[in-house]
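K.L.:
Right, I'll just put the structure down here and ask away after.
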Amino acid sequence: MRELFEHGLKDIYWAEKALTKALPKMQKNATSPDLQNAIATHLEETRGHVTIVEAVFESIGKKAKAEKCDAMQGLIEEGDSILKETSPGPVRDAGIIAAAQKVEHYEIATYGTLATYAKTLGEKTALDHLLKILAQEKIVMKHSQS
Ligand SMILES: [Fe+2]
Ligand SMILES: [Fe+2]
């Protein structure tokens with residue numbers, strides 16, 4: 001269980017860092033100012049998540065380490081191909097929103113699992129941090145659906 005927990009942390013650490021690199025491109029290519037702003041906010045939150053995940057590592061006495069997350073890599077590539085296949089406008093924006101929702105679902109599923117592991121392992125501080133991120137991801141999800 002502890003091994004699964006640590007592996008999952010490395011995985012999401014990589015994923016959040018990859019997102020901080022991918023989101024600016026999505027922001028630049030979005031047409032609607034609302035969507036651009038929403039992505040900008042999400043980028044700031046994502047940077048915050050990187051820092052909180054580092055605190056989770058620290059709370060379990062481990063050095064923060066990233067391990068390539070193939071799932072997030074695939075989701076980011078999907079987002080890239082939407083940019084290649086569309087031109088600026090509402091259709092591209094809809095594609096960007098769809099890609100962002102998939103990313104959010106992946107994050108929610110992952111943090112939900114990690115929180116369960118932390119709880120089972122009795123890692124109280126880690127659990128608090130993870131629940132904080134999870135709550136933020138769920139808010140992003142709600143907004144992107146409205
Ligand atoms: Fe996140
Ligand atoms: Fe997110």
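K.L.:
Express the C-alpha Rg of region 36-76 as a ratio against the empirical globular expectation 2.2 N^0.38 Å, rounded to two decimals. Can you show the working numbers first?
P.N.:
On the way: Rg = 12.8 Å, N = 41, 2.2 N^0.38 = 9.0 Å.
For region 36-76, the normalised Cα radius of gyration is 1.42.
K.L.:
Give me the dipole magnitude in Debye, nearest 20, for region 1-143 about the Cα centre, with unit charges on the beta carbon: positive for Lys and Arg, negative for Asp and Glu. Don't skip to the end; give the middle numbers.
P.N.:
Details: 19 positive and 21 negative charges, 41 e Å.
About 200 debye.
K.L.:
Working from Cα positions, state the angle (0 to 90°, nearest 10) between the long axis of helix 70-85 and the longest principal axis of the chain.
P.N.:
10
K.L.:
Still on this structure: Hey, what's the per residue convex hull volume over the C-alpha atoms of region 2-145, in cubic angstrom? Don't skip to the answer; put the middle values down first.
P.N.:
Numbers: hull volume 12.4 nm³, N = 144.
With only Cα atoms used, region 2-145 gives 86 Å³ per residue.
K.L.:
May I pose another question? Label LYS21 and ARG47 with points 7 Å out from Cα along Cα→Cβ: what is the distance between them in nm?
P.N.:
About 1.7 nm, to one decimal.
K.L.:
Follow-up question, since we're still on this one. How big is the charge dipole of region 66-132 about its Cα centre, in debye rounded to the nearest 20, if each Lys and Arg gets +1 on its Cβ and each Asp and Glu gets -1 on its Cβ?
P.N.:
Working: 7 positive and 11 negative charges, 45 e Å.
Dipole about the Cα centre, nearest 20: 220 debye.
Every read-out reported here was derived from the displayed coordinates using simple, explicitly stated rules and does not represent laboratory data. This one's a predicted model, so the numbers in the text were calculated from it and none came from an experiment. With ideal geometry, Cβ positions are generated from the backbone for all residues, glycine too; neighbour counts draw on all protein chains shown.
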